[in-house]
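Colleague: Dropping the structure in here first, questions after.
The values are calculated or read from the model by the stated rules, or taken from the named source; none is laboratory data. Everything numeric here is computed off the predicted structure, so don't read it as measured data. Neighbour counts run over all protein chains shown; Cβ positions are idealised from the backbone, glycine included. To get the accessible areas, we keep the full protein, side chains included, count just its heavy atoms, and leave off ligands, DNA and RNA. Shrake-Rupley method; radii C 1.70, N 1.55, O 1.52, S 1.80 Å.
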Amino acid sequence: MSMNSFGHLFRVTTWGESHGPALGATVDGCPPGVTIDEAMIQHWLDKRKPGQSKFTTQRREPDRVKILSGVFEGQTTGTPVQLMIENTDQRSKDYGDIMDKFRPGHADITYWQKYGIRDYRGGGRSSARETASRVAAGGLAREAIKQIAPNVQITGYMTQIGPHKIDRGNFDWSQIEQNPFWTPDAQAAEDWAAYLDDLRKSGNSVGAVVEVVARGVPAGLGAPVYAKLDTDLAAAMMSINAVKGVEIGEGMAAAELTGEANADEIFMGQNGPQYSSNHAGGILGGISTGQDIVVRFAVKPTSSILTTRKTITKSGEETEIITKGRHDPCVGIRAVPVGEAMMACVILDHLLLHRGQIGENRGRIG
């Protein structure tokens, strides 16, 4: 299986399967001298790990990360950093009934059609468990960003679950880590809890929308054509398991706006350009403006559900399927730290690209 790497200078290769002995990431291109230890990375993995509430899969994985290479005396050496997370709570027997069947809405069927072989235990490589590797790499990226651009802050949160959206008027950054949904709207968190609990008990699942914001990103990151900052961000978010749509800034809603409404008017402030709004999501022409980078992605409902669905077998026979096991009723919840990790990897990658080609911004204003 090819194409398991992403990034230009900060390059991440993930490996491993849901029910294999371990999974992890090999990170190449991390600058030397970045202070890092396992606890720093573990902080972010703990946000993503399963079994933390009744609203996520009850698979019990500690997700303990081990640094196998690329770090000496608490600092990166500039050589590849190998990160490993062991699987400890596999229940492969739960998947015995689907070894010859394809789950509707799942990659089972396309993996089989392409490769002629698939690891049916938890979905193998297509499992959302793969994203633990990304979060580990993102933890390393965050520490490197602190060294290069210490003002950058990356925060993700849920803005919608099923048809239920947050009230932007209730937006409170401090609420994000106070509820199991990582949402800035305390009232929405209460409403979602009742909604998802009913859905969970019925054996069903639902989709969600996650928003990730990077504050303090300097102007000038990205390039006008094939290495646009928003191109790489969109690709990074779309590569997350179960993501079916990505928006930058106003996104699809920009089609409803007039030019007057969409224009982010520019004014001169004490520290440089300021904008009246941020419909562009902090990126113009593929290059960061210095405003908040705003990315939003939609996560589809979990395909593994307890509701009977019609499907076919590998031999082409029509049948029905019920997926047993431990699954997220809304995988979007645990996608929040994954989106943050992908944002961190892309921002660091573009900071390194910018430093390599330009150094400091050349265009002066004022």
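Colleague: Please name all residue pairs, on different chains or six or more residues apart, with Cβ atoms under 9 Å, provided the first residue is in the stretch 287-312 and is closer than 27 Å to Arg103 by Cα and without any contact (Cβ under 8 Å) to a residue 60 or more places away in the chain and the second residue is part of a loop (DSSP other than H, G, I, E, B) and open to solvent by 20 Å² or more (accessible area, probe 1.4 Å).
Modeller: Filtered contacts from the stretch 287-312: Thr308/Ile322.
Colleague: While we're here: All but one of (1) modelled with pLDDT of 95 or more; (2) under 15 Å from Val217 (Cβ atoms) hold for Ser277; state the number of the condition that does not hold.
Modeller: (2)
Colleague: Could you list, in sequence order, all residues of the stretch 30-62 that are surrounded by fewer than 16 Cβ atoms within 10 Å (Cβ to Cβ), in contact with a Gly (Cβ under 7 Å, 6 or more places away or on another chain) and modelled with pLDDT under 80?
Modeller: Within the stretch 30-62, Gln58, Arg60 meet the criteria.
Colleague: Name the residues in the stretch 298-340 that are in a helix (DSSP H, G or I) and closer than 17 Å to Ile161 by Cβ, would you?
Modeller: Initial filter on the stretch 298-340 (in a helix (DSSP H, G or I)): 332-340.
Residues satisfying the conditions are Gly332, Ile333, Arg334, Ala335, Val336, Pro337, Val338, Gly339.
Colleague: Also, quick follow-up: I'd like to know if the stretch 263-275 contains one or more residues that are more than 30 Å from Ser126 (Cβ to Cβ) and of a type in the set (Ser, Thr, Tyr).
Modeller: Of the residues in the stretch 263-275, the ones more than 30 Å from Ser126 (Cβ to Cβ) are 263-275.
The next check asks that each one be of a type in the set (Ser, Thr, Tyr); those that pass are 275.
Yes: one or more hits.
Colleague: To continue, here is another question. What are the residues in the stretch 285-318 that are among the β-branched types (Val, Ile, Thr), touching a strand residue (DSSP E or B) at 6+ places or on another chain (Cβ under 8 Å) and open to solvent by 40 Å² or more (accessible area, probe 1.4 Å), if any? Quick ask: steps written out before the conclusion?
Modeller: Of all residues in the stretch 285-318, those among the β-branched types (Val, Ile, Thr) come to 287, 289, 293-295, 299, 302, 305, 307-308, 311-313.
After this cut, where a residue has to be touching a strand residue (DSSP E or B) at 6+ places or on another chain (Cβ under 8 Å) as well, the list is 287, 289, 293-295, 299, 308, 311-313.
If the condition is that a residue be among the β-branched types (Val, Ile, Thr), touching a strand residue (DSSP E or B) at 6+ places or on another chain (Cβ under 8 Å) and open to solvent by 40 Å² or more (accessible area, probe 1.4 Å), then Ile287, Thr308, Ile312 are the ones that fit.
Colleague: Right, something else. Output the residues belonging to the stretch 129-169 that are buried (at least 18 other Cβ atoms within 10 Å of the Cβ), part of a helix (DSSP H, G or I) and over 16 Å from the mean Cα position of the chain (by Cα).
Modeller: Residues satisfying the conditions are Glu143, Ala144, Ile145.
Colleague: Also, quick follow-up: Tell me, yes or no, whether the stretch 278-297 has at least one residue that is closer than 30 Å to Gly203 by Cα and in a strand (DSSP E or B). Outline the logic, then answer.
Modeller: Initially, the stretch 278-297 is screened for residues closer than 30 Å to Gly203 by Cα, giving 296-297.
Still in the running and in a strand (DSSP E or B): 296-297.
Yes, some residue in the stretch 278-297 is closer than 30 Å to Gly203 by Cα and in a strand (DSSP E or B).
For every residue, the table says whether it meets (1) crowded, with 16+ Cβ neighbours inside 10 Å; (2) modelled with pLDDT of 95 or more; (3) not β-branched (Val, Ile, Thr).
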{"position": "Leu199", "(1), (2), (3)": "yes, no, yes"}
{"position": "Ala208", "(1), (2), (3)": "yes, yes, yes"}
{"position": "Ala223", "(1), (2), (3)": "yes, yes, yes"}
{"position": "Leu229", "(1), (2), (3)": "yes, yes, yes"}
{"position": "Ala235", "(1), (2), (3)": "no, yes, yes"}
{"position": "Ala255", "(1), (2), (3)": "no, yes, yes"}
{"position": "Glu260", "(1), (2), (3)": "no, yes, yes"}
{"position": "Gln270", "(1), (2), (3)": "no, no, yes"}
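Colleague: Right, another one. Give me a count of the residues in the stretch 244-277 that are of a type in the set (A, V, I, L, M, F, W, C), assigned to a helix (DSSP H, G or I) and either over 22 Å from Ala335 (Cβ atoms) or touching an Asp or Glu at 6+ places or on another chain (Cβ under 7 Å) (or both).
Modeller: Step one: list which residues in the stretch 244-277 are of a type in the set (A, V, I, L, M, F, W, C), which gives 246, 248, 252-255, 257, 261, 263, 266-268.
Of the ones still in play, those that are also assigned to a helix (DSSP H, G or I) are 252-255, 261.
From what's left, either over 22 Å from Ala335 (Cβ atoms) or touching an Asp or Glu at 6+ places or on another chain (Cβ under 7 Å) (or both): 254-255, 261.
Residues that pass the stated criteria total 3.
Colleague: Let me ask another. All but one of (1) modelled with pLDDT of 85 or more; (2) open to solvent by less than 20 Å² (accessible area, probe 1.4 Å); (3) under 15 Å from Ser18 (Cα atoms) hold for Ala107; state the number of the condition that does not hold.
Modeller: All conditions are met except number (2).
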